[in-house]
Amino acid sequence: MPQPFNKICLTVFYSSEEYKIQTYTGEYRDLKCLIQDRLFTDDFGQCGGMGRCGTCIVKIAGLKENPGFLRNEATTLNRIAPGIDDIRLACQIPVDDALSNVMITVL
């Protein structure tokens, strides 16, 4: 029997605008892809999800589970935003239930 899709509702702040977004588990590979597809961001996620460029940096408030740093994320964040809490690379955040009701600010 196929699994039902879990609806995920989140708020994204980008260019002084607030966007309420609904998606579901499995619709997007990662948060970078969701933001690019829904908000048509310029110059966002230029390395294509490798965690190296830092162009998909976001601040996340209310994340239920922290998936931990993946790939090159820790090194990239230490280089561009050392010591800042709740800062992540959108390309390293999976779109799953942990994103329900979070507030994301594209930096």
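The values are calculated or read from the model by the stated rules, or taken from the named source; none is laboratory data. Since the model is a prediction, treat every value here as computed from it, not as a measurement. Note that each Cβ is placed from the backbone with ideal geometry, even for glycine, and that neighbours are counted across all protein chains shown. For the accessible areas, the whole protein counts, side chains as well, though only heavy atoms, and no ligand, DNA or RNA atoms are used. Shrake-Rupley method; radii C 1.70, N 1.55, O 1.52, S 1.80 Å.
Would you mind working out the magnitude of the charge dipole of the chain relative to its Cα centre, with +1 at each Lys and Arg C-beta and -1 at each Asp and Glu C-beta, to the nearest 20 Debye? Please list the in-between numbers first.
Details: 11 positive and 13 negative charges, 36 e Å.
Computed charge dipole of the chain: roughly 180 debye.
Highest first, please rank the peptides 88-97, 23-32 by the mean number of other Cβ atoms sitting within 10 Å of their residues. Don't skip to the end; give the middle numbers.
Working: 88-97: 22.2, 23-32: 17.6.
Sorting 88-97, 23-32 by mean packing, highest first, produces 88-97, 23-32.
If the viscosity is 1.306 mPa s and the temperature 10 °C, what Stokes-Einstein diffusion coefficient in µm²/s follows for region 44-107 when Rh is the Kirkwood radius over Cα pairs? Don't jump to the answer; show the numbers that get you there.
On the way: Rh = 11.8 Å.
Estimated via Stokes-Einstein, D reaches 135 µm²/s.
What does the chain give for Rg and for Dmax, in Å, if only its C-alpha atoms count?
Spelled out, the Cα radius of gyration and Dmax of the chain are 13.3, 46 Å.
Could you check how much of the accessible area of the chain is carbon and sulfur, as a whole percent, using a 1.4 Å probe?
Details: 3160 of 6340 Å².
Ligands and nucleic acids excluded, carbon and sulfur reach 50 percent.
Considering only Gly54, Gly45, Gly83, give the residue with the highest GNM mean-square fluctuation for the chain, with springs between Cα atoms whenever their separation is below 10 Å.
Looking only at Gly54, Gly45, Gly83, the biggest GNM fluctuation is shown by Gly83.
Roughly how many nanometres apart are two label points built 7 Å out from the Cα toward the Cβ at Lys64 and Ser15?
Using points 7 Å along Cα→Cβ, the separation is 3.2 nm.
Which distance in nm do the two modelled labels at Asp37 and Tyr24 give, with both placed 7 Å along the Cα-to-Cβ direction?
The modelled label-to-label distance comes out at 1.3 nm.
Cross-link partners among lysines for Lys64, C-alpha distance below 17 Å, same-chain residues fewer than 8 apart left out?
Hits, sequence-local ones excluded: Lys7.
Taking the solvent-accessible surface of protein heavy atoms with a 1.4 Å probe, what is the per residue accessible area of the chain in Å²?
Working: 6340 Å² over 107 residues.
That works out to 59 Å² for each residue.
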